[in-house]
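Colleague: Take a look at the following structure, please.
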Amino acid sequence: MRLKNAWQKDSIGWCYVGADGYMYADTWHYDSVGLCYIGANGYCITNQWKQHPNGWIYFNANGNPVKNTWKLKGSDWLYLGTDGIALRNQWKNDSKGWCSLGSDCIMMTSAWVPDSRGLCWVDESGYIVYSRWIHDGIGWRYVDANGYVLKNAWQKDSIGWVYLQD
């Protein structure tokens, strides 16, 4: 009797056998654990990144997506969400503070990041800075206690008071 609609593990790894009794290959597959990617050889990929249409996913040694954590991809940090897909175009708050994930899913660093309330600066570690002067190569701006660029207001610097225009 041929195995159907089931996972099978052998000495190489995990594979999925479909309703026709043949191994899946080079495809995405959802199951009760979540999403997996079955490579061209018919086995789930392990310990590697894979680009999904919705973002990057990292698969662990069992071929399962890593979820709800930060993961280093090369020299860039990505946050893997509840489904294992890296978050994109959104803010993430963790134990260190607020950071922004770009359209490429990568944590933004040393950059101005706009949101619906204004403009924020994320430093080289990727987190919003508060209550300090920022020099970005173009000029000086002050980021207030809420993390937003101060506009149309007075702010004291090391010499005296400065009016910051919009």
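Just so you know, all these numbers are worked out from the coordinates, no wet-lab data involved. Model, not experiment: these values are computed from the prediction. We place every Cβ from the backbone using ideal geometry, glycine too, and count neighbours over all the protein chains shown.
Colleague: Please work out how much length the chain gains when fully extended from I159 to A61, using 0.36 nm per residue of separation minus the C-alpha to C-alpha distance, in nm with one decimal.
Modeller: 29.5 nm
Colleague: Separation between the Q51 and T82 pseudo-spin-labels, each 7 Å from Cα along Cα→Cβ, expressed in nm?
Modeller: Computed distance between label sites Q51 and T82 equals 2.8 nm.
Colleague: Can I ask one more? What is the chain's relative contact order, in percent, from Cα pairs under 8 angstrom and six or more apart in sequence?
Modeller: Normalised by residue count, the contact order of the chain is 9 percent.
Colleague: How large is ³J(HN,Hα) for each residue in the stretch 67-79, as worked out from phi by the Karplus curve 6.51 cos²θ - 1.76 cosθ + 1.60 (θ = phi - 60°), to whole Hz, x for Gly and Pro?
Modeller: Going residue by residue, I get 10, 6, 7, 7, 9, 7, 10, x, 10, 10, 9, 10, 10 Hz, with x marking Gly and Pro.
Colleague: Only bridges with both residues in the chain count here: give the DSSP antiparallel percent, nearest 5. Walk me through the numbers on the way to the answer.
Modeller: On the way: 48 of 48 bridges.
Rounded to the nearest five, the antiparallel share is 100 percent.
Colleague: Please list, in order, the residues from the stretch 134-156 whose amide nitrogen is less than 16 Å from a point placed 7 Å along the Cα→Cβ vector of D115.
Modeller: From the stretch 134-156, the list is 143-150.
Colleague: Ordered by residue, what ³J(HN,Hα) values in Hz, to whole numbers, does the stretch 151-166 give under the Karplus form 6.51 cos²θ - 1.76 cosθ + 1.60, where θ = phi - 60° and Gly and Pro are x?
Modeller: With coefficients 6.51, -1.76 and 1.60, one gets 10, 6, 8, 8, 9, 7, 10, 5, 9, x, 8, 10, 8, 9, 8, 5 Hz.
Colleague: Turning to a different aspect of this structure: How about the stretch 1-79: which trypsin sites (Lys or Arg not before Pro) there lie in a loop by DSSP and see at most 11 other Cβ atoms within 10 Å?
Modeller: When the trypsin sites (Lys or Arg not before Pro) of the stretch 1-79 are filtered for loop state and at most 11 Cβ neighbours within 10 Å, R2, K4 remain.
Colleague: Would you mind getting me the FRET efficiency between K96 and D136? Use the beta-carbon distance for r and R0 = 25 Å, nearest 0.05. Each step should come with its number before you reach the end.
Modeller: Values: r = 22 Å, r/R0 = 0.87.
It comes to 0.70.
Colleague: What nm distance separates the two modelled labels at V33 and N89, each placed 7 Å from Cα along Cα→Cβ?
Modeller: 3.1 nm
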